[in-house]
1. With N residues in region 13-54, what two-decimal value do you get for its Cα radius of gyration over 2.2 N^0.38 Å?
2. Want the number for residue 64 to residue 29: 0.36 nm per residue separation, take away the alpha-carbon distance, what's left?
3. Using only protein heavy atoms and a 1.4 Å probe, report how much of residue 4 is accessible, in Å² to the nearest 10.
4. State the percentage of accessible surface on region 13-56 attributable to carbon and sulfur atoms; use a 1.4 Å probe and exclude ligands, DNA and RNA.
Amino acid sequence: MGTLLESIANLLGQGVIEETLILHPKDAKLRALLYEKKAVVSEKINEQGNYCLSVRLPHNEWSKIKTSK
């Protein structure tokens, strides 16, 4: 049963990007878009005032965001 659950988890996780991004305040539009896509897992602000975002979203959505930037 454990192997079946592992296989299902692997299949569901395919095509998902998990990244940590550091965005400057001038990147507010991108930050808003990531929140709109419900891709932000967590957010912290570092000492320099930049946003450190952990994001998770489907590969195709990530590709769309990268090409629109």
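The values are calculated or read from the model by the stated rules, or taken from the named source; none is laboratory data. Computed from a predicted model, the values in this text were never measured in an experiment. When the accessible area is computed, the model is the full protein with side chains, heavy atoms only, and any ligands, DNA or RNA have been set aside. Shrake-Rupley method; radii C 1.70, N 1.55, O 1.52, S 1.80 Å.
1. Compactness ratio reported: 1.18.
2. Length gained, residue 64 through residue 29: 11.1 nm.
3. We get 100 Å² for residue 4.
4. Looking at region 13-56 in its full context, I get 49 percent from C and S.
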